[in-house]
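> What follows is a structure written as structure tokens; I'll ask about it next.
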Amino acid sequence: MILVRDRMTSPAVTVRVDASTEDVARIFERESISAMPVLSAEGLAGVVSTTDVVHFLARDTSAVGTVGSIMTAPALAVRPDEPLNNAAWLLARARTHRLIVTDCAMPVGVLSVRDVLEAVREQRVRQCIGSLMTVPVETVDVGDTIDSATRKLATTNVHGIVVVDDDSPVGVYTHREAIAAHRLPPTLRQRPVEEVMSQQTICLDIDTPTYRAAGYGIGMNVRRMLVVQRGRLAGIVSALDLVGTLAPATGPTGSTGASSSS
């Protein structure tokens, strides 16, 4: 049986509750991660993610706040000895992209959907991604401004928006690009989003099996893939959608070991 400790990323990169939003943005960029456990004097206080930072920046790009003012609390946590399939169930049920792994109430690692993708590939889940994809797809035009793309990213509550040119996908604009763009002068943020979008995209046919899509996600280090049918954009499938196929249909087996930070 595969356990959480077999797949988690450890040690966990953490941040103090009184750190500034600028500090946490720099850590996200430097470490290429999308979430961190937040620590206070009492222990695990919550979790801060790129979603929290982007929402904050969309409200006021000139403001500087603290991690404690934007973090999500409580943090959903799981034990290292929890079966991986149970953790997949928790991820799918909460629609969250990571769980904080705790031992004696202290963070020892993070289990992200990307960490679980290898198990999806190993178990050769054959369900077609067309049955998992999200439709309609949130898009912006290549000529839309960077600021308007950031606002849409925040208001639609998604992790990435597809950039299209005449309905054809040409890139994606994610939290990572939005946080980096925040450092640009306001005048430059009126430039087209095409200038800062990521061109690291994968287009997969609607009939691609889940295990193969997981393999592409691992190989290309991406957590969302564009789904096409006869060359046209049909939907988008995320690593979370793929990981959800591991979740037991009848719920977790035994105790999940899940907890929340106070």
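> Does any residue of segment 31-51 turn out to be under 20 Å from the mean Cα position of the chain (by Cα), under 30 Å from residue 148 (Cα atoms), assigned to a loop (DSSP other than H, G, I, E, B) and of a type outside the set (A, V, I, L, M)?
Yes, segment 31-51 contains a residue that is under 20 Å from the mean Cα position of the chain (by Cα), under 30 Å from residue 148 (Cα atoms), assigned to a loop (DSSP other than H, G, I, E, B) and of a type outside the set (A, V, I, L, M).
> Looking only at segment 135-148, decide whether some residue is under 18 Å from residue 46 (Cβ atoms), in contact with a helix residue (DSSP H, G or I) (Cβ under 7 Å, 6 or more places away or on another chain), part of a loop (DSSP other than H, G, I, E, B) and not small (Gly, Ala, Ser). Please lay out each step first, then the result.
Here is the first cut: in segment 135-148, the residues under 18 Å from residue 46 (Cβ atoms) are none.
No - not one qualifying residue is present in segment 135-148.
> A further question follows. Filter segment 52-78 down to the residues that are in a loop (DSSP other than H, G, I, E, B) and among the aliphatic types (A, V, I, L, M), then identify the one that is surrounded by the most Cβ atoms within 10 Å (Cβ to Cβ).
To start, the set of residues in segment 52-78 that are in a loop (DSSP other than H, G, I, E, B) comprises 60-65, 71, 73-75.
Filter once more, so that each one left must be among the aliphatic types (A, V, I, L, M): 63-64, 71, 73, 75.
On the way: 63: 9, 64: 10, 71: 22, 73: 16, 75: 24.
Residue satisfying both the conditions and the ranking: 75.
> Of 19, 25, which residue is more than 20 Å from the chain's Cα centre (by Cα) and more than 18 Å from residue 76 (Cβ to Cβ)?
Numbers: 25 fails: more than 20 Å from the chain's Cα centre (by Cα).
Result of the check over 19, 25: 19.
> Hey, any hits in segment 26-43 for a residue that's among the small types (Gly, Ala, Ser) and at positive phi? Working first, answer last.
Let us first name the residues in segment 26-43 that are among the small types (Gly, Ala, Ser), namely 32, 34-35, 40-41, 43.
When the remaining residues are screened for being at positive phi, the result is 32, 43.
Checking segment 26-43: at least one residue is among the small types (Gly, Ala, Ser) and at positive phi.
> Could you pull out the residue among 48, 24 that is touching an Asp or Glu at 6+ places or on another chain (Cβ under 9 Å), farther than 21 Å from residue 237 by Cα and β-branched (Val, Ile, Thr)? Walk me through it before giving the result.
On the way: 48 fails: touching an Asp or Glu at 6+ places or on another chain (Cβ under 9 Å).
Of 48, 24, the one residue that is touching an Asp or Glu at 6+ places or on another chain (Cβ under 9 Å), farther than 21 Å from residue 237 by Cα and β-branched (Val, Ile, Thr) is 24.
> Does segment 97-142 hold any residues that are farther than 20 Å from residue 227 by Cβ and of a type in the set (Ser, Thr, Tyr), and which are they?
102, 112, listed by residue number.
> Follow-up. When residues of segment 158-181 are filtered for being assigned to a strand (DSSP E or B) and in contact (Cβ under 8 Å) with a residue 24 or more places away in the chain, how many remain?
12
> If a residue must be under 16 Å from residue 136 (Cβ atoms), crowded, with 19+ Cβ neighbours inside 10 Å and β-branched (Val, Ile, Thr), how many such residues does segment 213-233 contain?
1
> Right, next: Collect the residues in segment 158-173 that are touching a helix residue (DSSP H, G or I) at 6+ places or on another chain (Cβ under 8 Å) and either polar (S, T, N, Q) or closer than 11 Å to residue 224 by Cβ (or both), keeping them in residue-number order.
If the condition is that a residue be touching a helix residue (DSSP H, G or I) at 6+ places or on another chain (Cβ under 8 Å) and either polar (S, T, N, Q) or closer than 11 Å to residue 224 by Cβ (or both), then 159, 160, 161 are the ones that fit.
> Related question: Among the residues that make up segment 208-217, is at least one of them modelled with pLDDT of 90 or more and part of a loop (DSSP other than H, G, I, E, B)? Spell out the reasoning first.
Narrowing segment 208-217 to residues modelled with pLDDT of 90 or more: 208-217.
Add one more test, that the residue is part of a loop (DSSP other than H, G, I, E, B), and what stays is 208.
The answer is yes, given that some residue of segment 208-217 is modelled with pLDDT of 90 or more and part of a loop (DSSP other than H, G, I, E, B).
> Can you go through 201, 156 and tell me which one is among the hydroxyl-bearing types (Ser, Thr, Tyr) and closer than 28 Å to residue 64 by Cβ?
Numbers: 201 fails: closer than 28 Å to residue 64 by Cβ.
One residue alone meets the criteria, 156.
> Here is a list: 154, 149, 181. Which entry is under 19 Å from the mean Cα position of the chain (by Cα), farther than 16 Å from residue 225 by Cα and surrounded by fewer than 21 Cβ atoms within 10 Å (Cβ to Cβ)?
Details: 149 fails: surrounded by fewer than 21 Cβ atoms within 10 Å (Cβ to Cβ); 181 fails: surrounded by fewer than 21 Cβ atoms within 10 Å (Cβ to Cβ).
Result of the check over 154, 149, 181: 154.
> Considering segment 97-114 alone, what residues qualify as being outside any strand (DSSP E or B) and without any contact (Cβ under 8 Å) to a residue 60 or more places away in the chain?
Step one: list which residues in segment 97-114 are outside any strand (DSSP E or B), which gives 97, 104-105, 113-114.
Listed by number, the list holds a single entry, 104.
> What about residue 124, is it on the phi > 0 side of the Ramachandran plot and either crowded, with 22+ Cβ neighbours inside 10 Å or not acidic (Asp, Glu) (or both)? Walk me through how you get there before you give the answer.
Details: on the phi > 0 side of the Ramachandran plot: yes; either crowded, with 22+ Cβ neighbours inside 10 Å or not acidic (Asp, Glu) (or both): yes.
It is true that residue 124 is on the phi > 0 side of the Ramachandran plot and either crowded, with 22+ Cβ neighbours inside 10 Å or not acidic (Asp, Glu) (or both).
> Now, a different point. Looking at segment 8-48 only, could you name the residues that are crowded, with 19+ Cβ neighbours inside 10 Å, at pLDDT below 95 and of a type outside the set (A, V, I, L, M)?
21, 28, 34
> Then there's this: So for segment 241-256 (the condition being assigned to a loop (DSSP other than H, G, I, E, B), modelled with pLDDT of 90 or more and among the β-branched types (Val, Ile, Thr)), does at least one residue qualify?
Step one: of segment 241-256, the residues assigned to a loop (DSSP other than H, G, I, E, B) are 247-256.
Subsequent filtering for residues that are modelled with pLDDT of 90 or more retains none.
No, there is no match, as no residue in segment 241-256 is assigned to a loop (DSSP other than H, G, I, E, B), modelled with pLDDT of 90 or more and among the β-branched types (Val, Ile, Thr).
> Given the criteria modelled with pLDDT of 95 or more and either assigned by TED's automatic domain parsing to the domain that holds residue 213 or surrounded by fewer than 22 Cβ atoms within 10 Å (Cβ to Cβ) (or both), does residue 104 qualify? Don't jump to the end; show me each part of the working.
Working: modelled with pLDDT of 95 or more: no; either assigned by TED's automatic domain parsing to the domain that holds residue 213 or surrounded by fewer than 22 Cβ atoms within 10 Å (Cβ to Cβ) (or both): yes.
No: the conditions fail for residue 104.
The values are calculated or read from the model by the stated rules, or taken from the named source; none is laboratory data. Just so you know, these numbers come straight off a predicted model, no measurement behind them. Reconstructed Cβ throughout: ideal geometry from the backbone, glycine too, with neighbour counts over all protein chains shown.
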